Amino acid sequence: MQFYDIKDELSKIYRKTHFIFSNGKFFSLEDVRAVYKKRRYAQYLNLIDTMNRFAADKSLAMAFITATLKDNRFDDSNVAVVKLQSRILRGFTRSIRDDKLFREPTEERRRRLRMKDGWYYISPERFQYIYTLEFQKDYTLHSHYACYIPDEPDAFINLYEVVKRKKDRNVVIGRTEFVVPEKYKEYFMRKYTFESFDLKKPDCFVEYDIDIRHGDFLYLKFINDEKKHQQDYYIQVMRYISKYVMKSIGQREDGKGTSRSRKEDVLIRYNKLKMISYSRTLVPFYIFNKFYKELKEQDIGLYDLTKMIENGQATYFVGMKEVKSIEEREIQFDNPQEYKQFIQNMINNCFVKDDDVNDL
């Protein structure tokens, strides 16, 4: 960890002593970074809220899947193991998304799979997701997968079957939770034989005769599905996901500071972990980000912008333009005094703020 501390300190010095020129002013890379982090927080809240609004528009309900690992646990002597953990968890989630449940049962596909009849199918228009990673107490990653699917029992039962099948084939996936609306409990109970496995969790069930001694089993959790509670649940998930999204950029929920330990921050950044991903059901996020200031002034959020584009009220295109390159010049100093004089000149010329270099 000391190695990463040194790299961070050097990066911080670099950001404080390198600048960009915009609108007649110089801004340090550290200033730009701070502004971007605050903006990103607001943008992701907008993203998650938009996903929930589109789910309501399409009459979709949420299945929430949490997956853990039983192997490849965190090893303090090898911080790169979390990159492997991320790859395994994402592979598990991708295998769910690649299942035939989300593939139209065309004649060609049925012939290729050697299936005479079709199957229950969830079209892209009726499916969206938000996927996040989170660290456990021992710094091992686990994943949260919020799936928005048709609000009908067949959708939840078929998705459960997929998760069950994919987990059985992936020997390193450990305990997995599948959250189901309470109103579909009777459908599951008729189709399978479930039993409670923990007196402290009366709303959680596992299939009968499943070995739970090693803790790597799949279980169902039923949640109250009345409209009020469902709305509360969406809000809770939005806050929960946004909380862990912020970890990937070192912010608390208020957008002002670090939310987790230094060690976790190091694991995220130096393993280049992508802590959140989502289905491509919206306007590309980089488009929203590019015009964020103008859209905010007109009170247009990501949901509104997506609707405008869908209705033909707005459009966008991606082009390329020539960018002039700027050569970076390396400055060397013969002694610390020359370096201090250089920094003082930068302060005098307002290229850097005095507070930014107190620790240099």
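The values are calculated or read from the model by the stated rules, or taken from the named source; none is laboratory data. Please read these numbers as outputs of a predicted model, since none were measured by experiment. When we count neighbours, we look across all protein chains shown, and the Cβ atoms used for this are built from the backbone with ideal geometry, even at glycine. Please note that ligands, DNA and RNA were not included when accessible areas were found on the heavy atoms of the full protein model with its side chains. Shrake-Rupley method; radii C 1.70, N 1.55, O 1.52, S 1.80 Å.
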Q: Whole number in Å², please: accessible area per residue of region 110-208, 1.4 Å probe, ligands, DNA and RNA not counted.
A: 51 Å²
Q: Set the Förster distance to 45 Å, then compute FRET efficiency between LYS137 and LYS116 from the Cβ-Cβ distance, nearest 0.05.
A: 0.35
Q) So, in nm, how far is label PHE285 from label ILE20 when the simple model puts each one 7 Å beyond its Cα toward the Cβ? A) 1.8 nm
Q: Return the long-range amide H neighbours of PHE194 (sequence gap of 5 or more, or a different chain), with a cut-off of under 5 Å between placed amide H atoms.
A: TYR208
Q | Amide H contacts of LEU218 (H built 1.01 Å from N, under 5 Å, at least 5 apart or other chain) | A | THR176
**Q.** Computed E for GLU152/SER77 - FRET, C-beta separation, R0 56 angstrom, nearest 0.05
**A.** 0.70
Q. Considering only Cα-Cα distances, which of the following residue pairs are longer than 26 Å: LYS58/LYS293; LYS164/LYS272; LYS137/LYS272; LYS201/LYS274; LYS7/LYS37; LYS200/LYS263?
A. LYS58/LYS293; LYS164/LYS272; LYS201/LYS274; LYS200/LYS263
Q) How about region 67-133: which trypsin sites (Lys or Arg not before Pro) there are in a DSSP loop, with at most 10 other Cβ atoms within 10 Å of their Cβ? A) ARG114, LYS116
Q: Give me D for region 125-180 in µm² s⁻¹, whole number, from Stokes-Einstein with Rh from the Kirkwood sum over alpha-carbon pairs, 10 °C and 1.306 mPa s.
A: 123 µm²/s
Q: Evaluate E = 1/(1 + (r/R0)^6) for ARG103 and ARG169, where r is the Cβ-Cβ distance and R0 equals 22 Å; express this FRET efficiency to the nearest 0.05.
A: 0.80
**Q.** Extent along principal axes [Cα atoms of region 38-229; Å; largest to smallest]
**A.** 52, 49, 42
Q. What do you reckon, how do VAL35, VAL179 stack up by accessible area (1.4 Å probe), largest on top?
A. VAL35, VAL179
**Q.** Linear extension gain, TYR187 paired with LEU84, 0.36 nm per residue minus alpha-carbon span
**A.** 33.3 nm
Q: Would you tally the net charge around ASP304, using a Cβ to Cβ cut-off of less than 12 Å, leaving ASP304 out, and scoring K and R as +1, D and E as -1?
A: 0
